[in-house]
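Report on the following structure.
The values are calculated or read from the model by the stated rules, or taken from the named source; none is laboratory data. Just so we're clear, the structure is a prediction, and the values are computed from it rather than from any experiment. For neighbour counting, all protein chains shown are included, and Cβ atoms are generated from backbone atoms with ideal geometry for every residue, glycine included.
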Amino acid sequence: MGTLNLPQKDATGDNLEERQVNDKTGKAPKARRVRSAEGTLAYWKGKLFRNSYIDRKGRKIEIPEFYVRMRYEGVTKRVKLHSADKEEAAEQALRLSGQLRLNGWSAVLANQARLPSSLTIEDFCEAYEKAAASMERSPRPVTINLYCRCLRLIARFAGVKEIRQLTRETIERGRDAYRAEARKSKRQESAIQNTVSKVLRNAKACFSREARNILARDGVKVENPFEGIRLTQDIQPVFSLPAHVTQTIWDELPLLRDGDPDAIDPNAKPAKRGKKSALVKARSAASRIDFRQRHPASYAAIVLALGVGLRANEIDKCRWSWFKFNAKKECVVEIRAESDFTPKGGGARAIKIQNSVYDALVETRADMVSPYVLGGEENPADSIINGENYRCADALEAANVWLRARGVEADKKRGNALHRLRKQFGSEVATEFGLFAAQKLLGHSSPTVTAKYYAAQTELPTLTHVRIMG
């Protein structure tokens, strides 16, 4: 009896059980048994692993992207998944396993071509600077420089040179290395913690969602390696300056403008060494600057900080054209964008000041050509592109030294006395006019920042509600 030749079913993606009959044996191979769990994310999540290699210094470097081993037709291969995120990598593995069963190894290995080498930290910083120009609210050049500088710092302490090496583990290693280095300088723990948090927060800004979307359109696909890293700060309570300190500043300020004949001669022989208080050390530092000479620019800087509440960069770029008088002959300062200056937050703000503040500034004006209150030549039009360096760094430094010698931030090694005066301005406004007014005049986007860092009561309220009887 003849053999009945039935039509053979084709092996298709929807018919995995059917296989092409072997021409030699006349038998179909056994269908591969698929484990039910292989169709779940949980299964592939448990199969993920990371590869590592030993660098030239003998350190073990872990590759951030995940790998998974897959088996098909008796062959096991290691498959690279193009993601450092475990959930996303598991989804890729699940998808590839389905393609492997349908179309074989060719479908999986097609995407296994070697990826181009990872961007270096420097290359990424350059790419971020270009991407920042396309953002809806582009950061100021000085802010972009700050973000990239912090990213370089944490990468240096982490010992990585490529973006792909920057993972949560390496970032935490860099954070710990920075702490250890800072403790060698005997810095306060709260100061170290605050600095670490600022560095991490600024570096993280390079990987914002908007930045990564712009970079992806330019062919640079990166994930946020700072995701999940805790940023904690030790926020110290804000206190206003003691009344006698502010009174001393106002009383002695004319001596800074006109020259103090009783100031220490910088060339005089220093006093004998010994244990000194913070204030004595501050006064010793002040002796390095000859305050017997006139310092009108430093005088103006202090008036703008304490009387108007300006930031250091705003003081440095403050122009005479910002001062205007309204119909009531009240002086209003409008902090606005210039060719070499962009206000923090991008928006202008107006501050109504006492006319005596304006008169005091006018008295310091010796350069009638300069557009700046502190004097000096006008910045080139493209200086804002190259960064916002201080024009009058010496005048600002002299103002800080002079203030520290009078008890402002004298107990802090890295205290910024001029900025402390800005906080005092905020405290004065908050006490008299409320937190909302202080927020607006200081130029903060949120009253939370004003309340945490800038606003303190200059005078405690006198309570009269208690009635003790008998």
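The figures follow:
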item	result
Check on residue 119, under 19 Å from residue 222 (Cα atoms) and crowded, with 16+ Cβ neighbours inside 10 Å	yes
Residue check for residue 203: in contact with a Leu (Cβ under 8 Å, 6 or more places away or on another chain) and surrounded by 15 or more Cβ atoms within 10 Å (Cβ to Cβ)	yes
Single residue of 349, 311, 336, 288 found to be surrounded by 14 or more Cβ atoms within 10 Å (Cβ to Cβ), at pLDDT below 95 and more than 19 Å from residue 425 (Cα to Cα)	336
Meets criteria (basic (Lys, Arg), more than 12 Å from the chain's Cα centre (by Cα) and outside the structural domain of residue 168 (by TED's automatic domain parsing)) for residue 230	yes
Residue 136 being over 30 Å from residue 62 (Cβ atoms) and either modelled with pLDDT under 85 or of a type outside the set (A, V, I, L, M, F, W, C) (or both)	yes
Subset of region 163-178 [charged (D, E, K, R) and surrounded by fewer than 17 Cβ atoms within 10 Å (Cβ to Cβ)]	168, 169, 172, 173, 176
Matching entry among 73, 87 (being under 17 Å from residue 39 (Cβ atoms) and surrounded by fewer than 16 Cβ atoms within 10 Å (Cβ to Cβ))	87
Hey, residue 336 among the basic types (Lys, Arg), farther than 30 Å from residue 268 by Cα and touching a residue at least 12 places away in the same chain (Cβ under 8 Å) or not	yes
Yes/no for residue 126 being in contact with a strand residue (DSSP E or B) (Cβ under 9 Å, 6 or more places away or on another chain), farther than 20 Å from residue 339 by Cα and assigned by TED's automatic domain parsing to the domain that holds residue 203	no
Residue 142 being at pLDDT below 90, within 30 Å of residue 341 (Cβ to Cβ) and among the hydrophobic types (A, V, I, L, M, F, W, C)	yes
Selection from region 161-173 of residues that are at pLDDT 90 or above and farther than 16 Å from residue 224 by Cα	173
Which listed residue is closer than 19 Å to residue 207 by Cα and of a type outside the set (Asp, Glu), from 128, 67	128
